[in-house]
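Notes follow once the structure below has been shown.
The values are calculated or read from the model by the stated rules, or taken from the named source; none is laboratory data. Note that the structure is predicted; figures quoted are calculated from it, not measured. When we count neighbours, we look across all protein chains shown, and the Cβ atoms used for this are built from the backbone with ideal geometry, even at glycine. Remember, those area values only see protein heavy atoms, side chains included, never the ligands or the DNA or RNA. Shrake-Rupley method; radii C 1.70, N 1.55, O 1.52, S 1.80 Å.
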Amino acid sequence: MELTFSRTNGAIDVMIDALLKAAGGIDYPTIVREMLITALKAGQESDYPADLKLILSTMKEMRYTNKVFAPYRDRRKVTIFGSARITPDAVLYQECVRFSRALADRGYMIITGGGPGIMQAGNEGAGSENSFAVNIRLPFEQVPNPIMTATPRLISYKYFFNRKVAFVKESQAIAVFPGGFGTLDEAMEVFTLIQTGKTSPKPLVLFDDGDGFWEHWLEFLKSRLLGKSLISGEDFSLFTITSNVDEAVSVIEEFYRNYHSIRFVRGKLVIRLNRELTGDELLTLENEFPELRMPDTRIIATPALPEEHDEPDILHLPRILVMFDRRHYGLLLAFIWRINSFTTR
């Protein structure tokens, strides 16, 4: 029979309900029911075992990722990307150690790829107790660094795409040190996800090496991409370039000075804040960012909406509601920075 996600599967629906009840401990049975039906449909629709193995491995890796990160949901995390080939005696390695140590001292946890080079420096500075390593199984170069070999927060992935999800989904900020193809691939993916709104707004710090690694890249962006109208001027709000550890840390800290998080509810953008904005501050935002919102709409203060009650720990936070056009995500980053610029009362 052809299975559907609606409850029209007869005896199979009854068996799935019984299975969920027998398993016990399932918080969201409606979602898990659809996962089970998805697995059954995949079995019916594919006669090619490699496809089924890919689906199976993906689900296993994502399940384990959630299990490892779940106990640390209340801790902010920073993902660090960078070359595996930077040696411990290099200045850039030591700068990364200082950077991650400063973040750990402020309560952040660090996520790296778990390998050598900049990844090891990130874990070394934060210490294994404040670190995650999301490793990738490769025939060369990528083995877990000695800082992370004995920690339960080490995950080894078969697929790059699952690993990338963990890097971005679980972090509240990204720092990218100089690196090769892998580092640039990771950085460009983050740019794309933030620019298109496929991940939540977060600070993206490009840590330069003192020799213009990112500054030369910036010139390429300006002359080739912006110059040929392949990107917009607002896209430069997506990132900050610095070669100073204190400034890199400050960029991350300041991003969450008042901004807390966002959520879309029925097409409306809800921005959660650490302190309430005044009427004058709301008016300033309306005047300075007219392109951000739909025509003839206002930026208003709002309590938590009914749909947000599944996040009880942040219901108390003040909020503003914006009819965001869901196009100008670079501008949304600038909007958040402007919110953070208002003087704390």
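What fraction of the Cα pairs in the stretch 129-219, stated in percent, has a spacing above 20 angstrom? Here the long-distance tail beyond 20 Å is 44 percent of all Cα pairs in the stretch 129-219. Annotation for the stretch 124-229: trypsin sites (Lys or Arg not before Pro) lying in DSSP loop with at most 11 further Cβ atoms inside 10 Å of their Cβ are ARG137, LYS198, LYS228.
Taken over the alpha carbons of the stretch 294-333 as equal point scatterers, the Debye sum produces base-10 log I(q)/I(0) values at 0.16 Å⁻¹ of -0.54. Here's the list of lysines a cross-link from LYS164 could span, going by alpha-carbon distance under 22 Å and ignoring same-chain residues fewer than 8 apart: LYS53, LYS60, LYS67, LYS77, LYS198, LYS202. Applying the criteria of a DSSP loop state and at most 16 other Cβ atoms within 10 Å to the GluC sites (Glu not before Pro) of the stretch 1-92 yields GLU2.
In the context of the full set of protein chains, residues of the stretch 22-73 present 72 Å² of accessible surface per residue (probe radius 1.4 Å, heavy atoms only).
With R₀ fixed at 41 Å, the C-beta to C-beta distance from ARG338 to MET188 puts the FRET efficiency at about 0.95. The convex hull built on the alpha-carbon positions of the stretch 14-157 has an orientation-averaged projected area of 11.1 nm².
Are there trypsin sites (Lys or Arg not before Pro) in the stretch 262-296 that DSSP marks as loop and that have at most 10 other Cβ atoms within 10 Å, and which are they? Sites meeting the loop and neighbour criteria: ARG266.
Put simply, the amide H of SER243, placed in the peptide plane, has neighbours under 5 Å in ASP208, leaving out anything fewer than 5 places away on its chain.
Magnitude of the Cβ-charge dipole of the stretch 199-345, K/R +1 and D/E -1, about the Cα centre, nearest 20 debye? Don't skip to the end; give the middle numbers.
Numbers: 17 positive and 24 negative charges, 123 e Å.
That gives a dipole near 600 debye.
Distance between the pseudo-spin-label points of ALA23 and PHE5 (7 Å out from Cα toward the beta carbon): 1.7 nm.
Per-residue ellipticity at 222 nm for the chain, helices alone: DSSP H runs ≥ 4 residues times -39500 (n - 2.57), over residue total, nearest 500 deg cm²/dmol?
Values: 11 runs with 142 residues, N = 345.
The helix-only estimate for the chain comes to -13000 deg cm²/dmol at 222 nm.
Identify, among PHE181, SER237, LEU273, the residue whose Cα sits farthest towards the positive end of the charge dipole of the stretch 132-274, taking +1 on the Cβ of Lys and Arg and -1 on the Cβ of Asp and Glu, with the dipole about the Cα centre. Value: LEU273. The portion of the accessible surface of the stretch 149-247 made up by carbon and sulfur, rounded to a whole percent, is 55 (1.4 Å probe; DNA, RNA and ligands excluded).
DSSP assigns beta bridges within the chain; of those with both partners inside it, close to 40 percent run antiparallel. Calculated accessible area for the stretch 176-222 comes out at 45 Å² per residue, all protein chains present (probe 1.4 Å; ligands, DNA, RNA ignored).
Expressed as a whole percent, the accessible surface of the stretch 251-305 that belongs to carbon and sulfur atoms is 50, based on a 1.4 Å probe.
The computed Rg and Dmax of the Cα atoms in Å for the structure shown corresponds, within (i) 22.3, 67; (ii) 23.8, 98; (iii) 20.2, 65, to (i). Any idea which of ILE136, GLY115, SER57 is furthest toward the positive side of the dipole for the chain, if Lys and Arg beta-carbons carry +1 and Asp and Glu beta-carbons -1? Projecting each Cα onto the dipole axis, the largest value belongs to SER57. When chymotrypsin sites (Phe, Trp or Tyr not before Pro) are flagged only if DSSP places them in a loop and at most 12 other Cβ atoms lie within 10 Å, the longest unflagged stretch of the chain comes out as 141-345. DSSP finds beta bridges in the stretch 207-345, and of those with both partners inside it, around 95 percent are antiparallel. With a simple spin-label model that places each label point 7 Å from the Cα along the Cα-to-Cβ direction, the separation between LYS268 and LEU315 comes to 1.8 nm.
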